[in-house]
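Trainee: Questions regarding the structure given below will be posed in turn.
The values are calculated or read from the model by the stated rules, or taken from the named source; none is laboratory data. Just so it is clear, the structure is predicted and the values come from calculations on it, not from any experiment. All Cβ positions, even for glycine, are placed from backbone atoms using ideal geometry, and neighbour counts span all protein chains on display. What goes into the accessible areas is simple: the full protein's heavy atoms, side chains included, and nothing from ligands, DNA or RNA. Shrake-Rupley method; radii C 1.70, N 1.55, O 1.52, S 1.80 Å.
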Amino acid sequence: MAASCCPSHGRFCLILLLAGAAVASSGSRAAALGAEGSSDVKLHVDSACLTPQEHKHGAAMGTRMPIVHQHGPCSPLTDKHGKPPSFEEILAADQRRVDYIHRRVSETTGQVRPKRAEPSAPPVQLQPASLASSAASANLPASSGNALGTGNYVVTIGLGTPEERLTVVFDTGSDTTWVQCQPCVASCYRQKEPLFSPAKSSTYANISCSSSYCSDLDIRGCSGGHCLYRVRYGDGSDTVGFYAQDTLTLASDAVKEFRFGCGEQNRGLFGQTAGLMGLGRGKTSLTSQAYGKYSGVFSYCLPATPSGTGFLDLGPGAPAANARLTPMLTDKGPTFYYVGLTGIKVDGRAVSIPDSVFSTAGAILDSGTVITRLPPKAYAPLRSAFAKAMADLGYKKATATSFLDTCYDLTGVQGKALPAVSLAFQGGASLDVDASGILYMVDMSRACLGFAPNNDDTDVAIIGNTQQKTYSVLHDLGKKLVSFAPGAC
């Protein structure tokens, strides 16, 4: 195993470098894999953007874009004078996203689960300034949409002719791409970059209400013959505006007549991003719209710390020699990327979990969820096995926080081993979690196991972005495959 110092036990070597300087973001409290060939794994925080290293795996053909953490020093959105979100805020937003995913999966797969009482919202009234001559305002039904929540990794795109550069969340759990647009009819949240101006683009056009493309939207309306979209988030945030098309620029590639939401009424907790790029499996997603160009193939690598840079590759290419393949289960439901999780290992030993636990719940890969969620009957034995391994190594327990219940006091710890954790999938694929994804750093002296239980064993398991760090995670809609290639960034 890479970076193993105790091969017989499959453990990582852990050196804690608890820097005195405060980190730019709570999300920066993470472990980073050491240099290639080293047996050391370092937990540290960096306040400066690290020089990007050559990424080892990725498409030999296609388009590559850098991925950075929204709140890290490499982000174009970083505000040196702003206050980053606390870990409590990050975990609370993460839970809202997980709650949405569970509701959405339940709705689209016909599963029955208890419903929480939620406040109802009146229909949205949109009176676009550009359609001021229209006599009647447009009504759109209130509906829960994708819970953007944590959306903590961003990419920079170009939109329009001439192009305007915009930094957006990239999200595999969403379909519709949207950005904030001028003019703001009622309100726009504060973003760092200028709002996209449709009037300045020679290739911008609204989509007609009679177009089949308008029918592709889950929530839609009509104003002056123009199609409207709406996405309402689980925390009350929402975006409303015209469904439009324009030229999308990805690195040096141009995707003409790309359909997206031009939001003129946007409220909520979206950070300072310009919007969202949807990479789900639905008809409105970038993946589906640009299928002819990229063959339904994309991969990404999330860096070990917010100080690093990962990548987003679009298009087919030669798979990495060390890629591990598992089927993409497209018959399970829309939007999300379902995979067959079959087991878990700690220190190379299989955790005792009945096969029926994962087959009942199912599992998805998600770029926006931070902490991996497991069925309670899978999480409990994982927690027990990990806690025993940590106790054997002499780690001291610490108080639990939020939904992270297996925490450790790292004060004064230097050069200790860390138990390895591995996720097994259908087809023999495995994801040997990088050291940066095993523990979630809560503060400078406390770290918790980066997994949590779902409320119910029937709730879908979610493989979060903490456990995906440093892997090239490839999605191939045409071949219905997902692959994991370690050490990619």
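Trainee: Exactly one condition in (1) in contact with a Lys or Arg (Cβ under 8 Å, 6 or more places away or on another chain); (2) part of a loop (DSSP other than H, G, I, E, B); (3) on the phi < 0 side of the Ramachandran plot is false for PHE484; which is it?
Mentor: Failed condition: (2).
Trainee: Restricting attention to region 218-226, does a residue exist that is surrounded by 20 or more Cβ atoms within 10 Å (Cβ to Cβ) and free of Cβ contacts under 8 Å to residues at least 60 places away in the same chain?
Mentor: Within region 218-226, the first condition is being surrounded by 20 or more Cβ atoms within 10 Å (Cβ to Cβ), and the residues that meet it are 221, 223, 226.
Now restrict to residues that are free of Cβ contacts under 8 Å to residues at least 60 places away in the same chain: none.
No, that holds for no residue.
Trainee: If we keep just the residues of region 377-396 that are touching a Phe, Trp or Tyr at 6+ places or on another chain (Cβ under 8 Å) and without any contact (Cβ under 8 Å) to a residue 24 or more places away in the chain, which is surrounded by the most Cβ atoms within 10 Å (Cβ to Cβ)?
Mentor: Here is the first cut: in region 377-396, the residues touching a Phe, Trp or Tyr at 6+ places or on another chain (Cβ under 8 Å) are 378-379, 382-383, 390, 395-396.
If we keep only those that are without any contact (Cβ under 8 Å) to a residue 24 or more places away in the chain as well, we get 395-396.
Numbers: TYR395: 21, LYS396: 12.
Across region 377-396, the extreme among qualifying residues is TYR395.
Trainee: Please work out which one of (1) over 28 Å from TYR338 (Cβ atoms); (2) not in a strand (DSSP E or B) is the condition ASN266 fails and give its number.
Mentor: That leaves (2) as the condition not met.
Trainee: The conditions are (1) of a type in the set (Gly, Ala, Ser); (2) out of contact with any His (no Cβ under 9 Å at 6 or more places or on another chain); (3) modelled with pLDDT of 95 or more; (4) open to solvent by 10 Å² or more (accessible area, probe 1.4 Å), and SER208 fails exactly one of them. Which is it?
Mentor: Among (1) of a type in the set (Gly, Ala, Ser); (2) out of contact with any His (no Cβ under 9 Å at 6 or more places or on another chain); (3) modelled with pLDDT of 95 or more; (4) open to solvent by 10 Å² or more (accessible area, probe 1.4 Å), SER208 violates only (2).
Trainee: Moving on. Are there any pairs, at least 6 apart or on different chains, whose C-beta atoms fall under 6 Å, with the first in region 443-462 and assigned by the TED database to the domain that holds SER422 and closer than 12 Å to VAL357 by Cα and the second open to solvent by 50 Å² or more (accessible area, probe 1.4 Å) and not in a strand (DSSP E or B), and if so, which?
Mentor: Pairs that qualify, where the first residue is assigned by the TED database to the domain that holds SER422 and closer than 12 Å to VAL357 by Cα and the partner is open to solvent by 50 Å² or more (accessible area, probe 1.4 Å) and not in a strand (DSSP E or B), are ASP457/LYS377.
Trainee: Sort through ARG383, ARG373 and tell me the only one that's more than 22 Å from ALA429 (Cα to Cα) and not in a loop (DSSP other than H, G, I, E, B). Show your work before the answer.
Mentor: Details: ARG373 fails: more than 22 Å from ALA429 (Cα to Cα).
That would be ARG383, the only listed residue that is more than 22 Å from ALA429 (Cα to Cα) and not in a loop (DSSP other than H, G, I, E, B).
Trainee: Output yes when any residue across region 232-239 is crowded, with 18+ Cβ neighbours inside 10 Å and more than 20 Å from TYR153 (Cβ to Cβ), and no when none is.
Mentor: Taking region 232-239 and keeping what is crowded, with 18+ Cβ neighbours inside 10 Å, we get 232-234, 237-239.
Narrowing the set further to residues that are more than 20 Å from TYR153 (Cβ to Cβ) leaves 232, 238.
Scanning region 232-239 turns up at least one residue that is crowded, with 18+ Cβ neighbours inside 10 Å and more than 20 Å from TYR153 (Cβ to Cβ).
Trainee: Only one residue in THR330, THR335 is open to solvent by less than 40 Å² (accessible area, probe 1.4 Å), in a loop (DSSP other than H, G, I, E, B) and in the same structural domain as ALA389 (by the TED database). Which one?
Mentor: Working: THR330 fails: open to solvent by less than 40 Å² (accessible area, probe 1.4 Å).
It is THR335.
Trainee: Could you please find all residues in region 470-480 being within 13 Å of ARG281 (Cα to Cα) and not in a loop (DSSP other than H, G, I, E, B)?
Mentor: HIS475, ASP476
Trainee: If you check every pair at least six apart or on different chains, which have Cβ atoms under 6 Å apart with a residue in region 182-198 that is under 18 Å from GLY160 (Cα atoms) first and a residue that is at pLDDT below 90 and in a loop (DSSP other than H, G, I, E, B) second?
Mentor: none
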